[in-house]
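Since the structure comes first, as structure tokens, the remarks are kept for the end.
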Amino acid sequence: MGTILLLHGPNLNLLGQREPEIYGTATLADYVSSVAGWASEAGFTLEDFQTNHEGQLVDAIHAARGRVDAIIINAGAFTHYAWSLHDALATFSGPVIEVHISNPNAREPWRHTSVIAPVANGTIAGLGMLGYELAVNAVARLLK
């Protein structure tokens, strides 16, 4: 059984409360619980980590190297400017799937650039909870 690391960046701890018209009413705990179930069905265990601090995400990515099989990351606003996350993810040898609950390309222009995308195997955006299920399925397929 492999391990998937699920990473969430800033403000995602407020899911269910923050802008429900954009992000819906599911909480971060709802997301983690659902992803854990899908991961288990696909033969993986799930580790999850959320932080509002860029350096803590970098540390989590570094600690994942050689220990977990894949990373699913919703970096939140860090997606658009946190080159330290780009560099850290570039050192990870397993699949990396970038996920966004909303579609950044349908929002403000500053959200249209992802510094994560160039080091990710794929990006899933705008599909809410379904995006996370697809990310788990993508990881499973990429690792087979």
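The values are calculated or read from the model by the stated rules, or taken from the named source; none is laboratory data. Just so we're clear, the structure is a prediction, and the values are computed from it rather than from any experiment. Cβ coordinates were reconstructed from backbone atoms using ideal geometry, including for glycine residues, and neighbour counts include every protein chain displayed.
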**Fill in**
The condition from (1) crowded, with 16+ Cβ neighbours inside 10 Å; (2) among the aliphatic types (A, V, I, L, M); (3) without any contact (Cβ under 8 Å) to a residue 12 or more places away in the chain that Ala63 misses is numbered (1)
**Message:** With the structure loaded, tell me whether Ala75 is over 14 Å from the mean Cα position of the chain (by Cα) and either surrounded by fewer than 17 Cβ atoms within 10 Å (Cβ to Cβ) or closer than 25 Å to Glu21 by Cα (or both) or whether it fails that test.
**Reply:** no
**Asked** Under the condition of being surrounded by 13 or more Cβ atoms within 10 Å (Cβ to Cβ), acidic (Asp, Glu) and farther than 13 Å from Gly76 by Cα, which residue from region 1-54 is nearest to the chain's Cα centre (by Cα)?
**Response** Asp48
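Within region 16-29, track down each residue that is in contact with a Leu (Cβ under 9 Å, 6 or more places away or on another chain) and either in contact (Cβ under 8 Å) with a residue 24 or more places away in the chain or at positive phi (or both).
Gly16, Tyr23, Gly24, Ala26
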**Asked** Name the residues in region 94-144 that are surrounded by 15 or more Cβ atoms within 10 Å (Cβ to Cβ), in contact with a Gly (Cβ under 8 Å, 6 or more places away or on another chain) and among the polar types (S, T, N, Q), would you?
**Response** Ser102
**Request:** Search region 48-107 for residues being modelled with pLDDT of 95 or more, part of a loop (DSSP other than H, G, I, E, B) and of a type in the set (Gly, Ala, Ser), and hand back the single one that is farthest from Ala140 (Cα to Cα).
**Result:** Ala82
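Only one of Glu98, Glu108 is touching a residue at least 12 places away in the same chain (Cβ under 8 Å) and not basic (Lys, Arg). Can you tell me which? I'd like the intermediate steps shown before the answer.
On the way: Glu108 fails: touching a residue at least 12 places away in the same chain (Cβ under 8 Å).
Only one candidate qualifies: Glu98.
Report the residue count in region 108-134 for those that are in a helix (DSSP H, G or I), of a type in the set (A, V, I, L, M) and touching a Phe, Trp or Tyr at 6+ places or on another chain (Cβ under 9 Å).
So in region 108-134, the residues in a helix (DSSP H, G or I) come out as 109-112, 117-119, 129-134.
Right, trim to of a type in the set (A, V, I, L, M) and you get 117, 119, 129-130, 134.
So of that shortlist, the ones also touching a Phe, Trp or Tyr at 6+ places or on another chain (Cβ under 9 Å) come out as 119, 129.
Within region 108-134, residues that are in a helix (DSSP H, G or I), of a type in the set (A, V, I, L, M) and touching a Phe, Trp or Tyr at 6+ places or on another chain (Cβ under 9 Å) number 2.
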**Message:** Considering only region 67-75, I want to know if a residue exists there that is small (Gly, Ala, Ser), under 12 Å from Gly9 (Cβ atoms) and touching a residue at least 12 places away in the same chain (Cβ under 8 Å).
**Reply:** yes
**Asked** If you check every pair at least six apart or on different chains, which have Cβ atoms under 6 Å apart with a residue in region 131-142 that is on the phi < 0 side of the Ramachandran plot first and a residue that is in a helix (DSSP H, G or I) second?
**Response** Tyr132/Val35; Glu133/Trp38; Val136/Trp38; Val136/Ala39
**Request:** State whether one or more residues within region 26-40 are closer than 22 Å to Ala138 by Cα and either of a type in the set (Phe, Trp, Tyr) or touching a His at 6+ places or on another chain (Cβ under 6 Å) (or both).
**Result:** yes
